[in-house]
Amino acid sequence: MVQLVLVRHGQSQANLDHIFTGWTDVKLTELGRQQGIAVGKMFADRQLQFTDVHTSYMQRAIITADLILDQIDQLYLPIHKTWRLNERHYGALSGLNKLAVAKQVGQAQVQAWRRGYTAVPPQLAQLGTNGAMIGSGLRNQRPKVSR
């Protein structure tokens, strides 16, 4: 029987700091590393063995996978990485504090951006060759909150 096992990465520094991350490559906290080891130990207790491992390109996912594989003695497995498993891209929200953004635009809007499938976060600015913003529509969209 084929089994599919999905694991989210351990706690990252951005998780701890309530920062919109998305495609920003942030490190795991010590707790995040401990969480990866704990999941690996749980898998070892259940005698789970894998034939394939797939992750995003984010180091938080790759390191979590390595920690798990170490616990189940399967570090020899190749890890297949793809951008298609990267988290949602948060556009102009990337790097902003989620709590500060919620104060400005409301918790319902933040939840729509974080958990919905149709709400699109404000887009990143596009810079022209002279460094000026073009076609971004951000002048009136980007939440004005501190980083």
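Which values of log₁₀ I(q)/I(0), to two decimal places, follow from the Debye formula for the chain at q = 0.15, 0.21 Å⁻¹ with a uniform point scatterer at every Cα?
-0.85, -1.25
With angles folded into 0 to 90 degrees, how steeply does helix 59-71 sit against the dominant principal axis of the chain? Use alpha carbons for both and round to 10.
With rounding to tens, the tilt is 10 degrees.
What FRET efficiency do you get for ASP17 and ASP73 if R0 is 35 Å and r is their Cβ-Cβ distance, rounded to the nearest 0.05?
0.55
Once the Cβ-Cβ distance between GLN3 and ASN86 is put in as r, and R0 is 22 Å, what FRET efficiency do you end up with, to the nearest 0.05?
Efficiency, from the Cβ-Cβ distance: 0.40.
How about LYS81: which aspartates and glutamates have a C-alpha closer than 17 Å to its C-alpha, ignoring those fewer than 8 places off in the same chain?
Cα-Cα hits under 17 Å: ASP25, ASP52, ASP66.
Would you mind ranking ILE72, ILE79 so that the residue whose beta carbon has the fewest other beta carbons within 10 Å leads the list?
ILE79, ILE72
Every number in this text was worked out from the coordinates using simple rules, so none of it is lab data. Note that this is a predicted model, so its numbers are computed, not measured. A quick note on method: Cβ atoms are made from the backbone with ideal geometry, for glycine too, and the neighbour counts reach across all protein chains shown.
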